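The values are calculated or read from the model by the stated rules, or taken from the named source; none is laboratory data. The structure displayed is predicted, hence computed values, not measured ones. Positions of Cβ are backbone-derived with ideal geometry, glycine not excepted, and every protein chain shown enters the neighbour counts.
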Amino acid sequence: MAIVPTLWLDPASLELRLNSLVAEEFRRPVLERLVAQRAPTAPEAFPERILVFVEELAKILEPSSAWLDAHLWVAATREIVPADAPSPSHHRVELHWPAEVSVDDLARWLNTSASDPSYAKNLTRLLHEFGQTDWAAIERLFSDAWRRNTMGPDAAPETVAKAAFRATFARITLTFTAKVCAAFKAFDADRNRKMIALDAGQIHHSMLSGMRDLPKTREVVKARVVSGWAEIMTPVKQVGLRLDTHEIPTRLIDAVREWRSWHGLRHWAALQYLFTSSGRTGRIRWMLQHHLDALGYSDRARRDPEVRDRVAAEVEALTRIEIAIYNKDGSVRVRGPILAITQRGESLRGTQWALEGLELMIHPVLYEGVRAESGELGSLWAPAPAELARIDHVRHPHALALGLILPIRWRWDALDGQAYLDLTGKHLLEAAGIRYSAHDAKRAWTALQRDLDELQRIGGIGGIEWISAPLTLGGVCRLHPPQWFRDRILHSVQPAESQLAFRVLTGSDLETWRKSRGFTQEDLADRLGLSLRTVQRAEQRADFALPWRLQKALLVLR
């Protein structure tokens, strides 16, 4: 019968094994991924007979001269046959070779990423000698040594037993190293994954909660209007949203109604992603095409004039909304637009002007956790998956709410030294924005489970476990952040963010960028594969957005 060979290592021993393979700043995230790995459903067969041979052949080696070299190999082999049950503090490492790491992959990783080059060199030599040796071949060596032992001392059983233990040691060492390699590659992929950096302050959390709780219909909702400003969200913990009603066009009234729906949270996620991918400065050169990309719209939808106009109006509606922060006595402490426009770009479509680009600045109280006023990166932010903006807000609306709110709550708990969030069923439904009715409780819990699964699918949540009374209002659900969140927040791993180059938004931007590269208009036209007249016309329209054909050519060139 085949079993999965397993190492049980105490934290100090495991840390020691990782020292020569992984740099200190990455060691903890790699360790967590390493111990989380489990054997596949059909792992490589490990013949149990090997365990029978170990002690008997060790007795043969002990009195011989071969023991001097072999005793370490014997000790390593005995590690996969623990005599006593390990303590709860021990880590379990199953010794199956990970399918995603080939022998060549491991050799390359040792040569490029291992923290100790000398140790990596020794492992590379071991890999060249034993990289293709499987457990079946090792079993044959043990069987041969045992057979020779029954033939008498002249059959040299010590030599073959020594070879068997050396091959076992090599297999254990290389398999462990391959698992470390797989864990490191997974960590590196997560370090490079795109994310949304959310401000984790109380004001942003309250605003998101208010957006989540707005009535999700397109019906007219009466609101108190004072001096041309309509309050569209009742102040929550001294935070409120107000809409500028001065000369507001009909298309923006429709856009606000749409923004009040779950699509509004999706737009907010897309904007937060654009702020993040633009360097986390709190300012962006917003372009409609970039926003549609962040939302994950298809090429066909992105070319549809109705879709473009609707999305542009919905984003513009956000610039008409103020955030108001109240003191406890009801007086206003801070007031200002959620998004302030500092530049605007439009294009002529037929006889109508259509919004194509804006230069936006987010209100500081909604971003100071991400970027402090001093210009340094903030200390109170939380990462969310970039895929959040692409969630289908019709099928999975509550995944959007949870995807924006849970990272903030995890961040708060991390400040208190807790690596998970416990919520009662009632509070979890409230966080998701799901209305509960005792007459149809199944509907609420089904919606919650469906959207938790969707959030887990995109990497927005790690483990989900009910630690008491599952799917009840009084039960407690423990929500674990995803591993890549733990890397950034608990282990202070800096994500591999790239600072994007200057974005060319308008004709004036195009001229500035062209001259900074030393191109003439003719040079640029040739490089873009466009006519000279196209470049000239774009630069003459200094304050207008570039046509999409020119934007696309620039993206390819840059």
Would you mention how many residues in the stretch 281-315 are in contact with a strand residue (DSSP E or B) (Cβ under 6 Å, 6 or more places away or on another chain) and surrounded by 18 or more Cβ atoms within 10 Å (Cβ to Cβ)? 7
Failed condition for G369, given (1) part of a loop (DSSP other than H, G, I, E, B); (2) in contact with a strand residue (DSSP E or B) (Cβ under 6 Å, 6 or more places away or on another chain); (3) free of Cβ contacts under 8 Å to residues at least 24 places away in the same chain, with all others met? (3)
Among the candidates L110, L126, residue that is surrounded by 15 or more Cβ atoms within 10 Å (Cβ to Cβ) and either under 33 Å from the mean Cα position of the chain (by Cα) or closer than 20 Å to F46 by Cα (or both): L110
Picking from E368, E376, E356, the residue that is buried (at least 18 other Cβ atoms within 10 Å of the Cβ) and at pLDDT below 80 would be E356
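Mind listing whichever residues of the stretch 287-343 are of a type in the set (F, W, Y) and farther than 20 Å from R549 by Cβ?
Within the stretch 287-343, the subset of a type in the set (F, W, Y) is 297, 326.
Residue satisfying the conditions is Y326 alone.
Condition check ((1) surrounded by 15 or more Cβ atoms within 10 Å (Cβ to Cβ); (2) touching a residue at least 60 places away in the same chain (Cβ under 8 Å); (3) part of a strand (DSSP E or B)) across all residues:
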{"site": "D392", "(1), (2), (3)": "no, no, no"}
{"site": "L404", "(1), (2), (3)": "yes, yes, no"}
{"site": "G417", "(1), (2), (3)": "no, no, no"}
{"site": "I434", "(1), (2), (3)": "yes, no, no"}
{"site": "R443", "(1), (2), (3)": "no, no, no"}
{"site": "G459", "(1), (2), (3)": "yes, yes, no"}
{"site": "P470", "(1), (2), (3)": "no, no, no"}
{"site": "C477", "(1), (2), (3)": "yes, no, yes"}
{"site": "D487", "(1), (2), (3)": "yes, yes, no"}
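From the list W97, W73, exactly one residue is more than 19 Å from A163 (Cβ to Cβ) and touching a residue at least 24 places away in the same chain (Cβ under 8 Å). Which is it? Lay out the reasoning, then the answer.
Values: W73 fails: more than 19 Å from A163 (Cβ to Cβ).
On inspection, the qualifying residue turns out to be W97.
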Could you check how many residues of the stretch 17-65 are within 16 Å of I80 (Cα to Cα) and of a type in the set (G, A, S)? 3
Condition check for T159: surrounded by fewer than 21 Cβ atoms within 10 Å (Cβ to Cβ), part of a helix (DSSP H, G or I) and of a type in the set (S, T, Y): yes
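Given the criteria more than 20 Å from D190 (Cβ to Cβ) and touching a strand residue (DSSP E or B) at 6+ places or on another chain (Cβ under 7 Å), does G403 qualify? Talk me through it step by step, then tell me what you get.
Working: more than 20 Å from D190 (Cβ to Cβ): no; touching a strand residue (DSSP E or B) at 6+ places or on another chain (Cβ under 7 Å): yes.
So G403 fails the test.
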Can you list the helices (runs of 4 or more DSSP H) found entirely within the stretch 50-151 that contain at least 2 residues being over 24 Å from S13 (Cα atoms) and assigned by TED's automatic domain parsing to the domain that holds R17? 103-112, 117-130, 135-151
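Quick check on this structure: which one of I172, I203, I196, I232 is at pLDDT below 70, β-branched (V, I, T) and surrounded by 15 or more Cβ atoms within 10 Å (Cβ to Cβ)?
Details: I172 fails: at pLDDT below 70; I203 fails: at pLDDT below 70; I196 fails: at pLDDT below 70.
From the options I172, I203, I196, I232, the qualifying one is I232.
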Does L274 satisfy the criteria of being touching a Lys or Arg at 6+ places or on another chain (Cβ under 7 Å), under 30 Å from P495 (Cα atoms), at pLDDT 90 or above and surrounded by fewer than 22 Cβ atoms within 10 Å (Cβ to Cβ)? no
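Just the residues that are of a type in the set (S, T, N, Q) and either modelled with pLDDT of 75 or more or in a strand (DSSP E or B) (or both), please, taken from the stretch 324-343.
Of the residues in the stretch 324-343, the ones of a type in the set (S, T, N, Q) are 327, 331, 342-343.
Hits for the stretch 324-343 are T342, Q343.
Yes or no, residue by residue, for (1) modelled with pLDDT of 90 or more; (2) under 19 Å from G357 (Cβ atoms); (3) over 33 Å from the mean Cα position of the chain (by Cα):
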| site | (1), (2), (3) |
| --- | --- |
| H491 | yes, no, no |
| Q494 | no, no, no |
| A501 | no, yes, no |
| D509 | no, yes, no |
| W513 | no, yes, no |
| A525 | yes, no, yes |
| R537 | yes, yes, yes |
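Can you find a residue that is more than 21 Å from the chain's Cα centre (by Cα) and aliphatic (A, V, I, L, M) anywhere in the stretch 189-205? Talk me through it step by step, then tell me what you get.
The first filter runs over the stretch 189-205 and keeps only residues more than 21 Å from the chain's Cα centre (by Cα), leaving 202-203.
Okay, now just the ones that are also aliphatic (A, V, I, L, M), so 203.
Yes.
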Quick one: count up the residues across the stretch 25-49 that are more than 26 Å from E15 (Cα to Cα), surrounded by fewer than 14 Cβ atoms within 10 Å (Cβ to Cβ) and of a type in the set (G, A, S). 1
Pairs needed: first member in the stretch 283-302, in contact (Cβ under 8 Å) with a residue 12 or more places away in the chain; second member anywhere, among the small types (G, A, S); C-beta distance under 6 Å; at least 6 residues apart or different chains. I284/S278; M287/G357; L288/A312; H291/A270; A294/A270; A294/A389; L295/A270; L295/A389
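Does R549 fit the bill of being modelled with pLDDT of 85 or more and among the basic types (K, R)?
Values: modelled with pLDDT of 85 or more: no; among the basic types (K, R): yes.
Here the answer is no, as R549 does not meet what is asked.
Please go through the stretch 80-95 and give me each residue that is touching a Phe, Trp or Tyr at 6+ places or on another chain (Cβ under 8 Å) and modelled with pLDDT of 80 or more, ordered by number.
Taking the stretch 80-95 and keeping what is touching a Phe, Trp or Tyr at 6+ places or on another chain (Cβ under 8 Å), we get 82, 86, 90-93, 95.
If the condition is that a residue be touching a Phe, Trp or Tyr at 6+ places or on another chain (Cβ under 8 Å) and modelled with pLDDT of 80 or more, then H90, H91, R92, V93, L95 are the ones that fit.
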